[in-house]
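Participant: Can you keep this structure in mind? I'll have questions shortly.
Coordinate-derived values only; no laboratory data. Keep in mind that what you see is a predicted model, and the values were worked out from it rather than measured. Because the Cβ atoms are built from the backbone with ideal geometry, glycine has one as well, and the counts that use them run over all protein chains shown.
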Amino acid sequence: MLAAVRTGAHKTEFREYPMPEVPDDGALMKVEVAGICGTDVKLYKTPPTADPVIMGHENIGTIAKAGREFMQRKGVKEGDLVFVEHYVMCGKCEWCHLGQYRHCENTNWRTNPDAIRYGYTSAKKAPHLWGGFAQYVYLPWNAVVHHVPKGVTAELAGLVTPMANGVEWSLFDGGVGYNSTVLIQGPGQQGLSQTVICKQAGASLIIVTGTSKDEARMKVASELGADHVINVDEEDPLARIMEITGGRGVDVALDCTAGAGTFPILLGVEALKRKAGIMVVQGEMKEFPNFPLERVTVKFITIKSARGHSFKACELALAQIASKRFPLEKITTHRFGLNDVDLAIRSVGNQGVPGVIHASLMPWE
Ligand SMILES: [Zn+2]
Ligand SMILES: [Zn+2]
């Protein structure tokens, strides 16, 4: 079987791997769609390891072959379409028991050299198939598997990761609900997914910001339910937000930008309402010179970290996709075959095919 292997910064090699033996408690998934997100752009540009890695952490596929015990444990059978979380759990820790596999040390590639996480783990580790940019992915006993509801195509199911992040960040972390006012910074697949989830949850005002490069994405944001879109290159976003909210500011500010530096945080602090706003952040800057701590304290702001998704968020995202309530096909704009993985990642990073919002890698095309 064939896999695209990252062998260095911006370097992909195509390698063949033997089909692994499937033990009684394991399975093999035929990859239908591997979603590509901004994280892939980052991991491809600055690989966290020198080891060869099959990237691809947003994986939808068909159970091609499964051991008896695996099928019993997971409630799946051969031929089922599933979404596999990229977190391969330990199954024993407090986080796993909460369905919060994202926090399990077994998946923490930053601190644990033996961690398993799809799209991150070294391809040197047998049976090698730890990423979705390949024809098959190996599922051990501790893979976390979700059924894709009937009637949902693999391509739309490929949106489950950004949508699950939408549920996790805006609803669970940000507390968005009926009548909430929300600022979503960044109109990529992540910001658009947040838009859909906030709309579904009953937000009364959704403002999405973007830059001049994001024109097509801003249009989609409006079509998916954003009440206002602001081009930060052309307008003063804070002045505009205050105008829209009658000077009140918003309840919740979500940062879905990439590489925008300290700007989204500073805007979030100012755009939040007078007291007790919530800000969900995901910057990974090492330093933040002149962080406005006093403003944060005086405004009684809560800052939360956007960190992936829980089991429950994935299930709610799949239900949201299955409801067909929103025209989500406006987000799944592009498909790429395995041979074009390099172009696909670059395109998601705005440096290849123009106009990409969500790219689906389809390894059999
Ligand atoms: Zn991702
Ligand atoms: Zn665990």
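Participant: When ranked by the protection proxy of mean other Cβ atoms within 10 Å per residue, highest first, what sequence do the peptides 149-157, 186-194, 356-364, 32-40 form?
Facilitator: Put in order of decreasing packing, that is 186-194, 32-40, 356-364, 149-157.
Participant: Continuing with this model, one more query. Size of the dipole of the chain about the Cα centre, Lys and Arg at +1 and Asp and Glu at -1 on the beta carbon, nothing else charged, in debye to 20?
Facilitator: 460
Participant: Determine, for each peptide in 252-262, 159-169, 116-126, the mean count of other beta carbons within 10 angstrom over its residues, then list the peptides with the highest first.
Facilitator: Peptide ranking by packing, descending: 159-169, 252-262, 116-126.
Participant: Let me ask another. Given labels modelled 7 Å from the Cα in the Cβ direction, how far is it in nm from residue 298 to residue 19?
Facilitator: The modelled label-to-label distance comes out at 6.7 nm.
Participant: Residue 74: net charge of surrounding residues, Cβ under 15 Å, Lys/Arg +1, Asp/Glu -1, itself excluded?
Facilitator: Charge balance near residue 74 sits at -3.
Participant: Among residues other than residue 196 whose Cβ falls under 11 Å from its Cβ, what is the net charge (Lys/Arg +1, Asp/Glu -1)?
Facilitator: Surrounding charge for residue 196 is +2.
Participant: Same structure, new question: Given the -39500 (n - 2.57) contribution per DSSP H run of 4+ residues, what per-residue ellipticity at 222 nm results for the chain, rounded to the nearest 500 deg cm²/dmol?
Facilitator: -7000 deg cm²/dmol
Participant: Can you pull the Rg over Rh of the stretch 185-238, Cα-only, Kirkwood?
Facilitator: Rg/Rh: 0.95.
Participant: Would you mind classifying the stretch 41-110 by shape? Square roots of the alpha carbon gyration tensor eigenvalues, ordered a ≥ b ≥ c; an a/c under 1.5 is rounded, otherwise it is prolate if a/b is larger than b/c and oblate if not.
Facilitator: oblate
Participant: Between residue 46 and residue 179, what FRET efficiency follows from the Cβ-Cβ distance if R0 is 56 Å, with the result rounded to 0.05?
Facilitator: That pair, residue 46 with residue 179, gives E of 0.85.
Participant: Are any of the pairs 45/199; 30/74; 11/324 more than 26 Å apart by Cα-Cα distance, and if so, which?
Facilitator: Over 26 Å apart, Cα to Cα: 45/199; 11/324.
Participant: Under 12 Å between alpha carbons, and skipping anything fewer than 8 positions from residue 42 in its own chain: which aspartates and glutamates qualify?
Facilitator: Straight-line reach from residue 42, under 12 Å: 284.
Participant: List the residues, sorted by chain then number, that are 5 or more residues from residue 203 or on another chain and whose placed amide H is less than 5 Å from its amide H.
Facilitator: 179, 180
Participant: With label points built 7 Å along Cα→Cβ from the Cα atoms of residue 97 and residue 68, find their separation and express it in nm.
Facilitator: Result for the modelled spin labels: 3.1 nm.
Participant: Computed over the Cα atoms of the stretch 167-325, what is the ratio Rg over Rh, Rh following Kirkwood?
Facilitator: 0.94
Participant: Something else about it: Cβ neighbours within 10 Å, averaged per peptide: list 132-142, 1-11 in order, most packed at the top.
Facilitator: Taking the mean over residues of other Cβ atoms within 10 Å, the ranking is 132-142, 1-11.
Participant: Moving on to the next point. If R₀ is 25 angstrom, what is the calculated FRET efficiency for the pair residue 288 and residue 124, using the beta carbon separation as r and rounding to 0.05?
Facilitator: 0.10
Participant: Next question, about the same structure. Once a ≥ b ≥ c are taken as the square roots of the eigenvalues of the Cα gyration tensor of the stretch 38-167, is the result rounded (a/c under 1.5), prolate (a/b larger than b/c) or oblate (a/b not larger than b/c)?
Facilitator: Cα axes put the stretch 38-167 in the rounded bin.
Participant: For residue 230, which sequence-distant residues (separation of 5 or more, or a different chain) have an amide H within less than 5 Å of its own amide H, given hydrogens modelled in the peptide plane?
Facilitator: Counting only residues 5 or more places away or on other chains, the set is 208, 209, 210.
Participant: Moving to a separate point now. Using Cα positions and a limit of under 22 Å, work out the lysines in reach of residue 299, with same-chain residues fewer than 8 apart set aside.
Facilitator: Counting by Cα, and skipping residues close in sequence, residue 299 has these lysines nearby: 273, 275.
Participant: Please list 3J(HN,Hα) in residue order for the stretch 89-102, calculated via the Karplus relation 6.51 cos²θ - 1.76 cosθ + 1.60 where θ = phi - 60°; whole Hz, with x for glycine and proline.
Facilitator: Going residue by residue, I get 6, 8, x, 10, 7, 4, 5, 4, 5, 8, x, 9, 4, 4 Hz, with x marking Gly and Pro.
Participant: Here is a further query. Name the residues whose placed amide hydrogens come within less than 5 Å of the amide hydrogen of residue 304, ignoring near sequence neighbours (fewer than 5 apart) on the same chain.
Facilitator: Counting only residues 5 or more places away or on other chains, the set is 279, 280, 281.
Participant: For residue 92, give me every one of the aspartates and glutamates with a C-alpha distance below 14 angstrom, ignoring sequence neighbours fewer than eight places off in its own chain.
Facilitator: Partners within reach: 105.
Participant: Per residue of the stretch 340-356, what does 6.51 cos²θ - 1.76 cosθ + 1.60 with θ = phi - 60° give for ³J(HN,Hα)? Whole Hz please, x for Gly and Pro, Karplus curve as stated.
Facilitator: For the stretch 340-356, the Karplus-derived couplings read 9, 4, 4, 4, 4, 5, 4, 5, 5, x, 6, 10, x, 5, x, x, 6 Hz, x marking Gly and Pro.
Participant: Given 4 °C and 1.567 mPa s, compute D for the chain with the Stokes-Einstein relation, Rh being the Kirkwood radius over Cα pairs; round to the nearest whole µm²/s.
Facilitator: The estimated diffusion coefficient comes to 62 µm²/s.
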